[in-house]
Each structure stands twice: as structure tokens, then as C-alpha cells.
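The values are calculated or read from the model by the stated rules, or taken from the named source; none is laboratory data. Only a predicted model underlies this, so the values are computations on that prediction, with no experimental measurement involved. With ideal geometry, Cβ positions are generated from the backbone for all residues, glycine too; neighbour counts draw on all protein chains shown. Quick note on the areas: whole protein, heavy atoms, side chains included, nothing else; ligands and nucleic acids left out. Shrake-Rupley method; radii C 1.70, N 1.55, O 1.52, S 1.80 Å.
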There are 2 protein chains.
Amino acid sequence: MRFDPATLVYDGRGLIPAIAQDHRSGEVLMLAWMNAEAVARTLETGRVTYWSRSRQAFWVKGESSGHVQRLVEMRLDCDRDCLLVLVEQAGPACHTNRRSCFYTGIRDGAETELMTPEV
Amino acid sequence: MRFDPATLVYDGRGLIPAIAQDHRSGEVLMLAWMNAEAVARTLETGRVTYWSRSRQAFWVKGESSGHVQRLVEMRLDCDRDCLLVLVEQAGPACHTNRRSCFYTGIRDGAETELMTPEV
């Protein structure tokens, strides 16, 4: 079946969450949001493109930082309301310069930093 | 710093997305939603507990199916608006009996089934 971005289930803002995962290590790098056009652009260009909720604009990941995400494969879940994008990540994915945005763990009830920024 | 679920950033419905990842294989299993109380219950009980948007009720994963998720570690992202739960997953995570909800890949523009249901 041909894939059509319009067949995904978007929320009231027209957005769907997209989880970015390093296709080699399996590390979960970040979660951001796409609209139907961002999904289409990601598939067409191979450059992972989100919709920035704060800027209300397309966000080609790494466009300013150089920390681009090359799409390896896009997957959708059983409810068609969430995406998983397997990526090749150049440099850190997080704006704090850490490899992943999920660098804080809860251990023994306390927030614990698990990763330091790359230099 | 002690972790307080109230310090997370919830959406207009009081919910935060939670990505469940197999702590050994790194496989992304599913995405579901938690409210502050579900976050607290997950940490207290070690049983991953979501908020079901369709049923408007707490959803202790596997309570009826037996496909429980034991919490290994909860992580939060840089914006505090998304959770990653590393879990030990008993059986399939997906209600279709597949290991992961992300069993559909987009390959050459077509939806492709990547996993079959477990028997």
C-alpha cells in the first residue's frame, strides 16, 4: 500500500509526535513534532524535518547547527498516531550539545545527569 | 535534586508523552501518555502506568493481558516535556501481539509490515 501522510492521525493542532532513534546504536535521541507536510518533506528529502511549535515554522533538524538527521527509515505505530524515525545523527541531537535529549535519569528518587555535553 | 512529577511540562490535557524502550535490546516498543499521578505511580510501584486517553482511566500496562512493563529507569528530556521509560517487557508490547507497535515501515514509498504477531 502506498503511504500517504494524510492517513496518519494528527492531534488538534495537526501534529504527530516523532521519536528519533539512532539507527545503529538504538539510542533514543529526541522527540519532536511533525505535521503532514513535514512528514512528506522528510520522506522526499531524506532530511528529518519537524514542525517547531515555538517558532511555528518548519525545522530542518541541523539546518543552523549542522547536527543534521539523515533519514534511514520512517515507521508508524499501530494507531497511526506516532512516528519512529531511524536516523543517522551528525553530532549531538540535543541543543545542550548532548548526544540525546534524555540525559536526565531518575535514580533513587533524584534527578541524575547521565551524559555531559560534547566538546 | 529530588524529582517531583509536578515539575514536568504537561500539555493542555495534563498529559506528557512517554516512550517505552526495551532496556536490553534498545527496541522502541510504544508511545503512550501519562499524567502526573501516573508518573508517580510508575515510580512508586515499578509497574509502568499510563493514562488511557480513550478510557480516561489509569492503565497499568499488562494488567489484563499479562504483558507488563517493569520499570528499569525513567528519564526525562531537556525540555521536561517528554519521558523515556526503559522497561523489561513481558511478551509483546503491542495490542496486535507484535513485539513493538512500530511494525510498519515505509520502504520505497509503501507501507511494509516488518514484524508478525507472536503466537
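Tabulated data
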{"item": "Charge tally in the Cβ shell below 10 Å around B:Thr7, where Lys, Arg are +1 and Asp, Glu are -1, B:Thr7 excluded", "result": "0"}
{"item": "Estimated distance in nm for a label pair at A:Glu44 and B:Arg107, the labels positioned 7 Å out from Cα along Cα-to-Cβ", "result": "2.5"}
{"item": "Cα centre as origin, Lys/Arg/Asp/Glu Cβ charges: the protein assembly as shown dipole, Debye", "result": "140"}
{"item": "Nearest-first distances (nm) between copies at B:Glu37, label 7 Å from Cα via Cβ", "result": "4.0"}
{"item": "Innermost chain B residue relative to the axis carrying B onto A, by Cβ distance in angstrom", "result": "B:Gly26, 1"}
{"item": "Shielding by partners, peptide A:7-16 (average Cβ within 10 angstrom, other chains)", "result": "1"}
{"item": "Shielding score for A:25-38, defined as the mean number of other chain Cβ atoms within 10 Å", "result": "3"}
{"item": "Cβ-vector label at 7 Å, A:Ser54, separations to other copies in nm", "result": "3.4"}
{"item": "Highest-first arrangement of A:50-62, B:1-13, where packing means the average Cβ count within 10 Å", "result": "A:50-62, B:1-13"}
{"item": "Solvent-accessible area buried by A and B, counting both chains, probe 1.4 angstrom, square angstrom", "result": "3300"}
{"item": "Region A:5-113, relative contact order in percent, only Cα pairs under 8 angstrom and at least six apart counted", "result": "25"}
{"item": "Label point distance in nm, A:His95-A:Phe58, each placed 7 Å from Cα along Cα→Cβ", "result": "2.0"}
{"item": "Cα convex hull volume per residue for chain B (Å³)", "result": "135"}
{"item": "Nm distances between copies for B:Glu73, ranked from closest, using label points 7 Å along Cα→Cβ", "result": "2.6"}
{"item": "Integer Hz, Karplus 6.51/-1.76/1.60 couplings in order for region B:105-112, x for Gly and Pro", "result": "x, 9, 10, 6, x, 10, 6, 10"}
{"item": "Placed amide H near B:Asp81: partners under 5 Å, 5+ positions off or other chain", "result": "B:Val9"}
{"item": "Listed residues A:Asp77, A:Asp22, A:Asp108, most fluctuating in chain A (Gaussian network, C-alpha, under 10 Å)", "result": "A:Asp108"}
{"item": "Averaged over A:97-104, number of beta-carbon atoms from partner chains that fall within 10 Å", "result": "5"}
{"item": "In degrees, nearest ten, helix B:36-45 long axis to first principal axis of chain B (Cα)", "result": "80"}
